[in-house]
Amino acid sequence: MQIKPILSALRRHKAGTILIALQIALTLAIVCNALFIVHERVDKVNRTTGLDETNLIAIGNDYVGAPETFAPLMKTDLQTLRSLPGVVDAYVTNAYPLRQGGWSTGVQTDPDSKKEGISTALYFGDDHALKTLGVRLIAGRNFNAGETQTVKREQQPGSPQIIVTKALADKVFPDGNALGKVVYLAKGKPSTIIGIVEKLTSPWIENNYVDGDYVVIMPVIFDSSFQNFLVRTQPGQEDAVFKAIPQALYAVNRMRVLPEKLGVRRFEDVRARAYEADRGMAILMSVVCGVLLAITAAGIVGLSSFWVGQRRKQIGVRRALGARRSDILSYFMTENFLIALVGVVVGVVLAVGLSQWMFTHFEMKRLSLTYVGIGVVALLALGQAAVFAPALRASRVSPVEATRSV
Amino acid sequence: MLKMTHLAKVYRTEVVETYALRDFNIDVKEGEFVAVTGPSGSGKTTFLTIAGLLETFTGGQYHLDGVEVSQLDDNARSRIRNEKIGFIFQAFNLIPDLNVFDNVEVPLRYRGMKAAERKQRIMDALERVGLASRAKHYPAELSGGQQQRVAIARALAGSPRLLLADEPTGNLDTQMARGVMELLEEIHREGATIVMVTHDPELAARAQRNVHVIDGQVVDLSEEPRFHTQPHVALS
């Protein structure tokens, strides 16, 4: 190995060595944390909702005017939507997963409890809700048509029957057997759990309001001007239905607004909008990583090329004294590896420090050591890849270079 | 030890061929001290680079220590340079980033020698040139004469069969040059084969035998009246 003489030589080129090691260290620190953030965001963006999101259309509808009740309008609209060619089913609700706006309430088993209960998302619906959403009922039954009630704005929504998610059922009744049990929603009347669905997420992508997939579906039509319709189409019919919806709805009642961005949306657009910021952050962080790695690689290529150019004569002398091409190649590769090694050691300290700082100031998760490991390997590999071309050029310097005057 | 027969070295461009060496013949026996002289551009340095396997040649034959070298690959040539040849350059060619000890160690490392043996050989070689006390010094901290002595130690440390010296005193003042020359003579007396390229007639006179090169060919000095004043035989 040539480590000792390489270290001796590097001691005589402190400035360049320290700068490149520092660049590697900073790159590692930033890239580890950035990749960690990217991975977290990608995980978040890829979270499932429990819905069958394909062939699903969401409609944000605002009735104009001030009729005494909106219930008949909703009923007509539902009939219109359900009768459209290519539509499987439809229902009206206050909120749905990824909508980023909805209702939450507290669930408790003791009606006299002073506590708030388990915070849970509240979805309104009817006997068409489960089929439209495409969620899987794993216990109990669906609502009956006769169980749906219309609730006025000023009334406290409530229902004797509710369907809950498995996550909520397990949370409220950790021993199981939630089906048939009675719970109380926000100091309301008793509600019996008549069905349990496998999975359904709350409307929010952050857990600020609801700490898990805790959802209650209530057979309620809420009598207010703003409503959300969800429409399930037959496979291959989504585009046709998507185009037909505005015309059909306006045809039965023009006194409405279907907002441009929140009006008729394919569910993939709902998902895209919900995770816009996260995707943006992931892309930004990826670009930052890419740029940093490119700059570091360019720095290594630049410095190595400069050193090779500066040491042509020396390389020729080494070749004259018996160095093989592979010895020269390995000299420069080893030299870079040693610099990069110092860089990554400092970088690991910086990466963990940066993560700790972000944890303290921005409530971010602590950096997983896996990312540090990946970063170390990536930076060492990047260094070796970047130095390879200059090192190869160095190895091609002819031994006769030793006899040439500078 | 070193035998070149009808050797040619041609540099070709698209329009012209330049013969650096043409029908070049030389035979250096083991233990000889040969000075290769000639005017600038005569081809003596080209001869030395080919002799030292630093460059390939275009035609003819070259046997080094009994081995025909024209068909050897780059690795084999490197190994021969490392094991059989010691170089002494006009500009010393020490590596400025390495101290004296590490400079002398360079060829030994390429031979894959164990650390203990390397150390022994380095110290022996430095003792031999009288610079053992400067082992930790860097080249820039030494005089030109001392640097050339370190270069000689580097050449000797690997116990080569052949020492090739390219104007070894060209960059030195008279006093330092004398010291280096005396060292080479001493090394020769101990049995080394030395081929020295020089344009200095005084230096050449101290070699056992002179070979004169003009226009890429070895010429017989007896046919060259201009050089009759220069002796053919060394003074040893």
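The values are calculated or read from the model by the stated rules, or taken from the named source; none is laboratory data. What you see is a predicted model; the values in this text were computed from it and never measured. Positions of Cβ are backbone-derived with ideal geometry, glycine not excepted, and every protein chain shown enters the neighbour counts.
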Exercise. Which one is farthest from B:Asp173 (Cα to Cα), of the residues in segment B:78-92 that are more than 8 Å from chain A (Cβ to nearest Cβ) and crowded, with 22+ Cβ neighbours inside 10 Å?
Worked result: B:Ile85
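Let me confirm something: among A:Ile57, A:Ile20, A:Ile118, A:Ile30, which residue is more than 14 Å from chain B (Cβ to nearest Cβ), of a type in the set (Val, Ile, Thr), within 23 Å of A:Ala272 (Cβ to Cβ) and surrounded by 15 or more Cβ atoms within 10 Å (Cβ to Cβ)? Reasoning before the result, please.
On the way: A:Ile20 fails: within 23 Å of A:Ala272 (Cβ to Cβ); A:Ile118 fails: within 23 Å of A:Ala272 (Cβ to Cβ); A:Ile30 fails: within 23 Å of A:Ala272 (Cβ to Cβ).
Unique residue meeting the criteria: A:Ile57.
Name the single residue that is surrounded by the fewest Cβ atoms within 10 Å (Cβ to Cβ) among those in segment A:184-193 being closer than 9 Å to A:Pro160 by Cβ and in contact with a strand residue (DSSP E or B) (Cβ under 6 Å, 6 or more places away or on another chain).
Going residue by residue through segment A:184-193, those that are closer than 9 Å to A:Pro160 by Cβ are A:189-192.
If we keep only those that are in contact with a strand residue (DSSP E or B) (Cβ under 6 Å, 6 or more places away or on another chain) too, we end up with A:190-192.
Details: A:Pro190: 11, A:Ser191: 20, A:Thr192: 14.
Once the filter is applied, the top-ranked residue is A:Pro190.
Please enumerate the residues belonging to segment B:73-89 that are among the small types (Gly, Ala, Ser) and within 13 Å of the chain's Cα centre (by Cα).
Of segment B:73-89, the ones among the small types (Gly, Ala, Ser) are B:76, B:78, B:86.
Answer for segment B:73-89, where residues must be among the small types (Gly, Ala, Ser) and within 13 Å of the chain's Cα centre (by Cα): just B:Gly86.
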Exercise. So how many residues does segment B:194-205 have that are surrounded by fewer than 22 Cβ atoms within 10 Å (Cβ to Cβ) and not in a helix (DSSP H, G or I)?
Worked result: 3
For this session: Would you please list the contacts, defined by Cβ atoms under 8 Å and residues six or more apart or on different chains, that run from a residue in segment B:9-29 that is free of Cβ contacts under 8 Å to residues at least 60 places away in the same chain and polar (S, T, N, Q) to a residue that is surrounded by fewer than 13 Cβ atoms within 10 Å (Cβ to Cβ) and part of a strand (DSSP E or B)?
Result: B:Thr18/B:Tyr11; B:Thr18/B:Arg12
Seminar exercise, completed: If we keep only residues of segment B:206-226 that are more than 17 Å from B:Gly41 (Cβ to Cβ) and in a helix (DSSP H, G or I), then the residue modelled with the highest pLDDT is B:Leu221
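Can you find a residue in segment B:165-174 that is under 20 Å from A:Gly316 (Cβ atoms), without any contact (Cβ under 8 Å) to a residue 40 or more places away in the chain and within 14 Å of chain A (Cβ to nearest Cβ)?
In the first step, residues of segment B:165-174 are kept if they are under 20 Å from A:Gly316 (Cβ atoms); the result is B:165-168, B:170-171.
Imposing the further condition that a residue be without any contact (Cβ under 8 Å) to a residue 40 or more places away in the chain reduces the set to none.
For segment B:165-174, residues under 20 Å from A:Gly316 (Cβ atoms), without any contact (Cβ under 8 Å) to a residue 40 or more places away in the chain and within 14 Å of chain A (Cβ to nearest Cβ): absent.
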Seminar exercise, completed: Taking segment A:350-393 and keeping residues part of a helix (DSSP H, G or I), more than 18 Å from A:Val301 (Cα to Cα) and free of Cβ contacts under 8 Å to residues at least 12 places away in the same chain leaves A:Gln356, A:Trp357, A:Phe359, A:Thr360, A:His361, A:Phe362, A:Leu369, A:Thr370, A:Gly373, A:Val377
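Picking from B:Asp65, B:Asp102, which residue would you name as being of a type in the set (Asp, Glu), touching a residue at least 12 places away in the same chain (Cβ under 8 Å) and either in contact with a helix residue (DSSP H, G or I) (Cβ under 7 Å, 6 or more places away or on another chain) or within 12 Å of another protein chain (Cβ to nearest Cβ) (or both)? Spell out the reasoning first.
Working: B:Asp102 fails: touching a residue at least 12 places away in the same chain (Cβ under 8 Å).
Among B:Asp65, B:Asp102, only B:Asp65 is of a type in the set (Asp, Glu), touching a residue at least 12 places away in the same chain (Cβ under 8 Å) and either in contact with a helix residue (DSSP H, G or I) (Cβ under 7 Å, 6 or more places away or on another chain) or within 12 Å of another protein chain (Cβ to nearest Cβ) (or both).
Quick check on this structure: which one of A:Tyr209, A:Tyr214 is within 29 Å of the chain's Cα centre (by Cα), surrounded by fewer than 19 Cβ atoms within 10 Å (Cβ to Cβ) and of a type in the set (Phe, Trp, Tyr)? I'd like the intermediate steps shown before the answer.
On the way: A:Tyr214 fails: surrounded by fewer than 19 Cβ atoms within 10 Å (Cβ to Cβ).
The match here is A:Tyr209.
Okay, residues lined up against (1) surrounded by fewer than 14 Cβ atoms within 10 Å (Cβ to Cβ); (2) touching a residue at least 24 places away in the same chain (Cβ under 8 Å); (3) more than 30 Å from B:Leu54 (Cβ to Cβ):
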{"site": "A:Val220", "(1), (2), (3)": "no, yes, yes"}
{"site": "A:Pro246", "(1), (2), (3)": "no, no, yes"}
{"site": "A:Leu249", "(1), (2), (3)": "no, yes, yes"}
{"site": "A:Ala294", "(1), (2), (3)": "yes, no, yes"}
{"site": "A:Ile315", "(1), (2), (3)": "no, yes, no"}
Exercise. Would segment B:45-55 turn up any residue that is in a helix (DSSP H, G or I), within 18 Å of B:Val195 (Cβ to Cβ) and away from chain A (no Cβ under 11 Å)?
Worked result: yes
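Tell me which residues, restricted to segment B:56-73, are surrounded by fewer than 16 Cβ atoms within 10 Å (Cβ to Cβ) and not in a strand (DSSP E or B). Talk me through it step by step, then tell me what you get.
Initially, segment B:56-73 is screened for residues surrounded by fewer than 16 Cβ atoms within 10 Å (Cβ to Cβ), giving B:59, B:61, B:63, B:66-68, B:70-71, B:73.
Once the filter is applied, which keeps residues that are surrounded by fewer than 16 Cβ atoms within 10 Å (Cβ to Cβ) and not in a strand (DSSP E or B), segment B:56-73 yields B:Gly66, B:Ser70, B:Gln71, B:Asp73.
One line per residue, one yes/no per condition, for (1) crowded, with 22+ Cβ neighbours inside 10 Å; (2) part of a helix (DSSP H, G or I):
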residue	(1), (2)
B:Leu98	no, no
B:Val106	yes, yes
B:Arg109	no, yes
B:Gly112	no, no
B:Arg121	no, yes
B:Ala125	yes, yes
B:Gln147	yes, yes
B:Val150	yes, yes
B:Met176	no, yes
Exercise. When you go through (1) under 30 Å from B:Gly52 (Cα atoms); (2) away from every other protein chain (no Cβ under 14 Å) one by one for A:Val376, which number turns out not to apply?
Worked result: (1)
Seminar exercise, completed: Checked against (1) touching a Lys or Arg at 6+ places or on another chain (Cβ under 6 Å); (2) outside any helix (DSSP H, G or I); (3) within 11 Å of chain A (Cβ to nearest Cβ); (4) farther than 30 Å from A:Ile3 by Cβ, B:Asp27 satisfies every condition except (3)
Exercise. When you look at B:Arg128, is it basic (Lys, Arg) and facing chain A (nearest Cβ under 10 Å), yes or no?
Worked result: no
Exercise. Which of the residues spanning segment A:318-336 are in a helix (DSSP H, G or I), within 7 Å of chain B (Cβ to nearest Cβ) and of a type in the set (Gly, Ala, Ser)?
Worked result: A:Ala320
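Scan segment A:138-175 for residues that are part of a strand (DSSP E or B) and more than 15 Å from A:Met218 (Cβ to Cβ) and report the count.
Looking only at segment A:138-175, we keep the residues that are part of a strand (DSSP E or B), and these are A:138-140, A:149-152, A:161-165.
Narrowing the set further to residues that are more than 15 Å from A:Met218 (Cβ to Cβ) leaves A:138-139.
Result for segment A:138-175: 2.
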For this session: Please name all residue pairs, on different chains or six or more residues apart, with Cβ atoms under 7 Å, provided the first residue is in segment A:256-280 and is more than 21 Å from A:Asp239 (Cβ to Cβ) and the second residue is part of a strand (DSSP E or B).
Result: A:Arg256/A:Asn61; A:Arg256/A:Asp62; A:Arg256/A:Tyr63; A:Val257/A:Asp62
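Taking into account only those residues within segment A:161-218 that are of a type in the set (Gly, Ala, Ser) and in contact with a Lys or Arg (Cβ under 8 Å, 6 or more places away or on another chain), which is farthest from A:Gly102 (Cα to Cα)? Write out each step before concluding.
Applying the first criterion (of a type in the set (Gly, Ala, Ser)) to segment A:161-218 yields A:167, A:169, A:176, A:178, A:180, A:186, A:188, A:191, A:195, A:202, A:212.
Next, only the ones that are in contact with a Lys or Arg (Cβ under 8 Å, 6 or more places away or on another chain) stay: A:167, A:195, A:212.
Details: A:Ala167: 19, A:Gly195: 22, A:Gly212: 15 Å.
For segment A:161-218, the residue satisfying everything is A:Gly195.
Being touching a Lys or Arg at 6+ places or on another chain (Cβ under 7 Å) and either modelled with pLDDT of 95 or more or acidic (Asp, Glu) (or both) narrows it down to one of B:Asp74, B:Asp102, B:Asp124, so name that one. Quick ask: steps written out before the conclusion?
On the way: B:Asp102 fails: touching a Lys or Arg at 6+ places or on another chain (Cβ under 7 Å); B:Asp124 fails: touching a Lys or Arg at 6+ places or on another chain (Cβ under 7 Å).
Going through B:Asp74, B:Asp102, B:Asp124 in turn, just one is touching a Lys or Arg at 6+ places or on another chain (Cβ under 7 Å) and either modelled with pLDDT of 95 or more or acidic (Asp, Glu) (or both): B:Asp74.
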